[in-house]
Structures are given as structure tokens and as C-alpha cells.
Amino acid sequence: MIAKSRKDLFLGLLLMVLPTAIISFPLLDFVSEHYSLLFLDKGLLIVLFSAGIGAAYILHSTRLRFLLVFGLLILGLYMIYQAISVFPFTEFDAYYIANRFRINATVFMIGWFTGFGISRWRYFLVFYSVALIGITIVTIPSSGELDVDQLVWLFAPPVFYAFYILFIKELLHNIRHQAKIQYHKIFIRVVGFSTLIFLLFWLTTQLLDSKFDALQEQIGGSDGSDNQQNQNDDDSMLDKDGKNQFRLKDYTELRPRLRQSDELLFCAYIDNFFAEGVPNPQYITLYHLNQYNVNLERFEIDPDTSLVKDIFLPDPTTIPNYFIQYDSSVLLHDRMEAEIKPVKSTIYINQLSPDVFVAPSTAFSCQPISVEEEFREQYRFAYNVFSEVSTLNSAYFVYNARDPNIREFQKQRYDLLGEVEGYEDQPQEFMDYYTRMPQEGETYAAIRNLADSITKDAETPIDKILAIRDYFLSKDENGEPLFEYTLTPGSPTDPNIPDASLLHNFLFNTQKGYCTYFATSSLFMLRSLGIPVRMSVGFMTVDRSHNNPGWYWFYADQAHAWSQVYFPEYGWLDFDFTISNEGAAEAPAPDGTPPTPPTDAPFVSKGIIEAIDTAKNELVLQVDELLINQIGYELTEAQDFEMDAVRAKIYAGKTAIKLHELELGDSAVVVSFDQKIAELRPPKQNENGQDYFKRLPDPIIIDEVHTAEREEEIEDELEEEEEKISDSVNRWVTGLVAGLILILLLLFVSPYIQHQILLGKIRGNSDLGSKSVAIYRHLHFILNQMGIGRGSTTPMNYAIDMVDPKYQTNLKGFIEAYLKLKYSNEPLTDEEKDLIINFYPDFNQTVLNYYTSKERVINFLKFNRWFYYIMNLNLRRY
């Protein structure tokens, strides 16, 4: 297609070139991210592409030869590239400048070719839109794991563009030969079509999105192994299994991009405060990582070391309710001797896997508890945690706080840690292990030099730590932050760059990364200075709930990595060097009130059910483990206890059952909140267990009985889950098929609906002028559906050359009368009036009788002809 007039050129630039440039912006953004190491300017890429496409469209619309111009452009750009390559820059400058020019020039040439294609080839943009969809598919793997919503909106722009181009090409083709173009009507049609497509797309997503999300979630659970493997491979700090449960990976690595979600994992009450009502949040620690894999650029748990013994990792699901599992040995290895306090936390699990133990460091005990009935739909599991916490630890280390209590705390901590001058008295094995660095590679030598430069004026370890913190928070010569938090730091892709690692790229090139980048960098800088430090992974604690001090909500995007620095006497302290992450800090605030933790159970027993009396609501439990007022007793011989179950809630797993559904021989945990037991004095020093147990009420009034989940209930749940998946799949597929059928039916019946609308206008108009317009449009519609479209032919030539010879009608006479009525000041004669009034029935019958019934039906069902009629703006001119 060659533009032959200014109107063609203007409309082409406005309706084709401009939208094509805009739709290409995401692709150019991807290019700038992919080559982030070259510091490509995304804005410049957009300008170059837009300039290329616009200039080529204008020039080649004048029949300028493409091959000659394109060849000269390539030759000129190649000569400039060669000149840059041999210019006496430094080695690095020459590389960056030459390759930036090469990519910028390539983008400009692609824009030029696109502009040429638009100007010369009628269906070029159709293929261009298909190519955009293909490129979108190709770039999905590099975008991290995407949910259904993200995928839909990722594909929306190119798909919308494809429909838009089909519409625009037909529109411009139809109006090309018009003598006078009514631009406001074109604008209305373009805006109307775009709005209609957007509304249809939005409505479709609203109707199908929730079903598809549910289907995705359930299908994920139908194949746990495959899904688990897929999740293990994604760019996230978390794994997600088929039951929509998360767990933190036991390693953390530098990646070009990190995927996060905002799903609620758990909430916690941490009983730790600076002063009354002023909470002191603690980071939640899961693992300490000390083994560094240079090739993968990641920290892992070191399975061989004998130095890491201060981590407590029980499986809470294996501990009976209200019983306590503890490991006091971790307290012997946490190296804390001063500024210590015990802290109790209560954890409520939402989408975190229940077998994952989370707690402030250093945890040493875990006690599963019941979840109140009103919260069981939201929280699947709960437990108490007891930790030995340093009073110097806080999530408020890096950032200045306004609260005077926190600022005073920070000052006091600095004064205390300032007394530590070095590590001369520490064991050599300990120092060697926690100051170990890779020995080879320019990156690590550069890190040593950078650390020395940053801390040259610092003397004590805390001053060196603060110097490194201030470096990450510093600004450049333009007053902009030197470092930036981002989930998409990009990757060095060119092997010619010396020591092209993600860590080197972060510290010395882009200064953009997420928590693992800051933690890894700070760890190696501190180790190079002889300061013992290790990597910690867990969850960042953010204090958002001002109405419920001490309660914290943890979302998936709070999975975090940070540094722990060792100070003699004070142990391992959290130091988070990651600069502000607004995404996690602004995660959704928790709705509603926090769950209600139950009071401590004064009596918990575990044993075998020996007898059940449903008439008296009593049972006998042969007890082998006993917990009275948090003091544990292991019985050398099992002892029978009679229990009153009148008010007891009985559970098989999570399912509430009746007393008569219990079976003799069942293993059970029985809980009592009886105040009489709570007030029972502790046993005397010489009092044996049997004598002490006699002080318990007889029978013991119990409140809860917990037994194992029944096998048949597990099978029923599996069958129910499979049925839900099957039903969901069937409903979704049925809905999709029904929707497609409905759309197809609407398309097929659209011509018939249009026919009835036009007939209604003819019959409903008594005014001769309005009636003539309705007849004029209806006859064009009938002829169009029968395959005799008018196109750009004038109405009179259309009647004389195409219609009247074929059907033996008098369309010429009607057109003369119609045009005279519409444009002439002379009144119509009676014969002309009769011709207009009586023209419709005879003409309609004559044309339709020309075809068989089958041919008429088939012609009316041809949607493409109806679409052409709707698009034909020539009808508006007469």
C-alpha cells in the first residue's frame, strides 16, 4: 500500500505508526533490562525506534526505493561503529560505547524496516502483531513465575493490538478514496472500537479469572511431585507445594530477577518490648548459611561444620498438642553471655507449611497449641515458641526511627558494642571459619579493596559496620541514592567482561539488587576486615499493626536474607544492610483482629484410651507422659486417670467427633484448663510423683481430646478433593465452551439482528426524509449480504453498473429521488414520493427472490460481509 495524499499520510501516522511505536515499548524495556550491564537508556531506545518507524513511513510513502536507502543506512552505521571500536578509549569504555551504539543502531534499523513495511505492505502489521505475541511467549521464562492474572495482562497488549490493526486496516482501506473525510467520525469509531474491545476483555477476565485461579491452585495439588519440582526451579526464595503451602529454601543465591508474592504465610505475637506499649520487633530466623558456592553464587547450609550448633529446627507437627519439645544445647552454643532475655512468641500458620518451624533467634523450645474454632478456617496450625534473645537485637538497626525509645535504644547499643575493639581472644578455628573468603577471582580482591576504602577511618568493629551501612545508604554526585533496591537486577551476559559475576555487577556496575545482594556483599566486606559474620535467612519483621502492639503479619514477600555479626560476649547480632524495600514495607495491612491465643493448659496428658462410658461422659486414659503446670513427667509405668468429658471437645485430626466415636486403644492427648489444677502447688523436693498426682482432682475435668485422623476420613478427603478438581475442570471447560459458542452465535446472528433493526427503522418512520435514509441503508445492507458491496463506487454508478443490470430493478430512479430530497431545494414530485415510499417492498422482494432459500440463509450468515457493511463509511456521505 502506498500513501497517495496527505490525508493518507496523516491517518497512517496517527492510527498505525503511533500505536505500533507505543505497543513496542515493553519489548524495548525488555531489551534495556536484558543488556542492563551496558547501561542502555530505555528512553533513548524508544526515541530511536519511534524515529526510525516514523521517518521510514514518511519517506517510503513517496515510492523511495527501500533497498538503496536501507543499504546506505546500514553502511553508514557500520562505519560509525568501526570508528568507535578503534577510537583510543580505555578498554572498558570502548567495549561499552561500541556495544551500546550497536544495540541502539539495531533498534533504529528495526524501526526503519517496520515503518517501510507499514507504508508498502497492506498486511504487514498483521504479521507484526503475530510476531509480538510470539515474542511475548518467548520472554515469559525470563519474567519469573507468573500467575494467571499476570499472564493474561502480559498477553493483553499484543492481542488487543492485533484486533486493533485488523480494524484500522479495514477502516483506512474503506475511506481511502473518499473526497471528504470526516475526522471526528473516524475518531469516534476508533475510540469506540478500542473501548468495546477493552470492555469485552475486562468482562472476560472477570468471568473466568476466579475460576481459572481456583483451577490452577487445585490442579497444582493433583500432581505434587511435578509441581514441587517446578516450584523448586523458580526465581523465588520460597518453595510452594501442591497444597498451596510455602517453605523457605535452605539456600539463597544471586539471581538476575526475584519473584515474590503477597500471600499471607503466618502471623505472630512476639512478647518483646522496649518499654510498655513500644514493641521491639525481632527477625524470624530459619537457617544460618555459611558454605558459599562460587560457581552458583549462593550460600548454603554447611552440613559438615561442627561450629553451627545454635539452631533449633523441630517439626511442630510431630509434637503432641501442648507438649513441649526443647533443646537446651543450642543455648550452650549461641555465645550469648550478657544482655539476654527470654521471649515467648505465639505463631499462627496460614499458608506456611505447618512442619516449618519459625521463631526469633535463638529458639530452644516448641509447644503446639489448639487454634480457637473461630480462627480455624484462616489458621491451620499454631504453637508457642520460647527463645533466648539478645536485648541488643532489633529489626530497627539500619533506619533512623522517630520514636525516642528506639533512638535511645540505638544509642545505648552503639555505646555497648563500641567497647568491643577486636577478636584477639577468640578461638582461631572459629575466626578462620567465619572470616573465610574465596581465594581466587578479581571480584573478591576488589571487595577487599572496597572494604578497606570504606572503613579507612573506622577503628572498632561497630564503626566499620556502620561505615559499610552508610556506604549502601550514600548518594552519588547528583544527589541520587547510589544503591537501589530492585527485584530485577539483571545479569552480565557477555563473557568478555572480566570476572562477569552477579556480585561484581552489583557492587561495581549497576548498584541494583535485592536483599541477597546486600547481605552477600556486606558479608564478604566484613570478612575481609577480619570480622566474623554469617548469612541468615528467614523473614523480615515489619511493625504495621499499631492497634495490636506485638502482633506481626508475615507475607511471602517478607522472605529475607541478612547478615549476623559476632560480638564477643553479646553473641550473634542481626545487621540488615539492605536499603529500603518499599514493596515489603507497604504490604497489605492485616484485616480484622489477631487470633486469640489460648491460656496455658495446666494439665496435658498423653496415653491410650482404656475405657469409655458414653452414659456418664467419662473415659479412662492410661497415661505415659504428663505435663502439669508446664512441668513434664515421664512415668516409668503407665497410670490410669479417670476423666470427665462432659464439656470436652473431641477431635480426630481437625475433624470434630463425638465421644462415642472414640475407640478403645486409640492414642490420645487430653487437655484440661481446670483452674483447680492451675492453682496446684509445685511438688516438694522429696515428694514422689505418685504422691503428687494424688492431689489432682478425681475425675479430672477435661476440655479437649485429640486423636489421630481416621484413615477413612483421609480417603474421603482425597476423594472429595479429586471431585472438586474434576468439578472445577468441568465447570471451567463447560463455561469456556459455552462462552465461545455464545460468541459464535452472536457473530452469526448479527446480520439478522442488523436486518431487523433496519426494517424497524423503515416501518417506524413516517417522515419521508427519515424513511428514505432508512430505505437507503437497508438496500445497501441487503445487497452487501448478497455479495454486491458498493465499496468506493458512487451510489449512481453503483445502481447503473452493478445493481439494476443484475436484478432488473429501478435503483437508479430511487437514488435520483433520494439525492434530490437530501441535497436539492426543489420539492419532490408526487411520482418521486411514491417511488420512495413504495420502493422498499418491491426492491427487497426482487433481490431476495433472485436467490434460493439456501443461498439467502448462507449469505445472511456471512459475518465478514456484515462487518464490511458496518465499516463502510461511504454510506455516511449520502
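The values are calculated or read from the model by the stated rules, or taken from the named source; none is laboratory data. Please read all numbers here as calculations on a predicted model, not as lab measurements. Heads up, the Cβs are rebuilt from the backbone with ideal geometry, glycines too, and the neighbour counts pull from every protein chain shown. Areas reflect the complete protein model, heavy atoms only, side chains present, ligands, DNA and RNA absent. Shrake-Rupley method; radii C 1.70, N 1.55, O 1.52, S 1.80 Å.
Worth a mention:
- Inter-probe distance in nm under a simple model that places probes 7 Å from Cα toward Cβ, at residue 166 and residue 42: 3.1
- Ranked by the mean number of other Cβ atoms within 10 Å of their residues, highest first, the peptides 631-640, 456-465, 773-782 come out as 773-782, 456-465, 631-640.
- Accessible surface of the range 736-821, 1.4 Å probe, proportion on carbon and sulfur as whole %: 64
- Approximate spin-label separation residue 307-residue 78, in nm, with each point projected 7 Å along Cα-to-Cβ: 5.9
- ³J(HN,Hα), Karplus 6.51/-1.76/1.60, whole Hz, each residue of the range 632-644, x for Gly, Pro: x, 10, 9, 7, 5, 10, 4, 10, 7, 10, 7, 9, 8
- Anisotropy class of the range 774-816 from Cα gyration tensor, a/c 1.5 cut: rounded
- Added length on full extension, which subtracts the Cα-Cα distance from 0.36 nm per residue, residue 183 to residue 698: 176.0 nm
- Cα gyration tensor shape for the range 391-487, rounded if a/c is under 1.5, else prolate or oblate: oblate
- Within the accessible area of the range 613-704 (1.4 Å probe), percent carbon and sulfur: 45
- Within-10-Å neighbourhood charge of residue 573 [Cβ basis; K, R +1; D, E -1]: -1
- Pairwise FRET efficiency - residue 262 versus residue 372, Cβ, R0 = 22 Å, nearest 0.05: 0.30
- Sorting 197, 324 by solvent-accessible area of protein heavy atoms yields 324, 197, largest first, with a 1.4 Å probe.
- Most to least packed among 828-834, 620-626 [average Cβ atoms within 10 Å]: 620-626, 828-834
- Each residue of the range 107-120 was assigned a 3J(HN,Hα) from its phi angle through the Karplus curve 6.51 cos²θ - 1.76 cosθ + 1.60 (θ = phi - 60°); the sequence is 4, 4, 5, 5, x, 4, 4, 5, x, 4, x, 5, 6, 10 Hz, with glycine and proline shown as x.
- Residue-by-residue Karplus 3J(HN,Hα) for the range 245-255, coefficients 6.51, -1.76, 1.60, Hz, glycine and proline x: 10, 9, 8, 7, 5, 8, 7, 9, 9, 7, 10
- The range 421-562, accessible surface, carbon-and-sulfur percent (1.4 angstrom probe): 42
- When each of the peptides 563-574, 682-693 is scored by how many other beta carbons lie within 10 Å of its residues on average, the order from highest to lowest is 563-574, 682-693.
- Partners for residue 475 among lysines (Cα-Cα distance below 17 Å; same-chain residues under 8 apart left out): 512
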